[in-house]
1. Mind checking which residues of the stretch 47-57 are open to solvent by 70 Å² or more (accessible area, probe 1.4 Å) and either within 20 Å of F15 (Cα to Cα) or β-branched (V, I, T) (or both)?
2. Could you say which residue among V30, V73 is open to solvent by 100 Å² or more (accessible area, probe 1.4 Å), aliphatic (A, V, I, L, M) and modelled with pLDDT of 80 or more?
3. Scan the stretch 33-57 for residues that are modelled with pLDDT of 95 or more and part of a loop (DSSP other than H, G, I, E, B) and jot them down.
4. Any residue that is modelled with pLDDT of 80 or more, open to solvent by 100 Å² or more (accessible area, probe 1.4 Å) and charged (D, E, K, R) - is there at least one of those in the stretch 58-70?
Amino acid sequence: MATGNENIWHSDHSFMAAPALGSVLRAVEVPSAGGDTMWADMSAAYDNLTESMKARIDGLTAVHDWVPSWGSVMTEAQIAAHRQNLPADEAAR
């Protein structure tokens with residue numbers, strides 16, 4: 001039932017209190033064309049922002065939640081059952 005959620009820009013497990021340190025991609029079959037998986041270094045992206053943009057976003061926070069993606073194929077009861085172990089994480093780091 002869930003189609004295409006892997007095809008959006010995302011960061012693996014950002015909703016967890018201790019998110020993944022990194023990700024690994026193992027290409028078992030590689031198409032002759034396409035396959036547009038892209039990787040980004042978010043630290044480098046921040047480092048390359050202008051000082052005015054850094055000042056503009058300094059102090060902002062984000063709420064990271066799994067429900068819009070994984071929860072989209074769950075019932076309310078299933079979401080509630082997982083919510084205790086996987087709460088939305090307000091990342092104020």
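1. The one that is open to solvent by 70 Å² or more (accessible area, probe 1.4 Å) and either within 20 Å of F15 (Cα to Cα) or β-branched (V, I, T) (or both): T50.
2. Only one candidate qualifies: V30.
3. Listed by number, the residues that qualify are N48, L49, T50.
4. yes
The values are calculated or read from the model by the stated rules, or taken from the named source; none is laboratory data. As the structure is a prediction and not an experimental result, all values here were calculated from the model. The accessibility values were calculated without ligands, DNA or RNA, using every heavy atom of the protein model including side chains. Shrake-Rupley method; radii C 1.70, N 1.55, O 1.52, S 1.80 Å.
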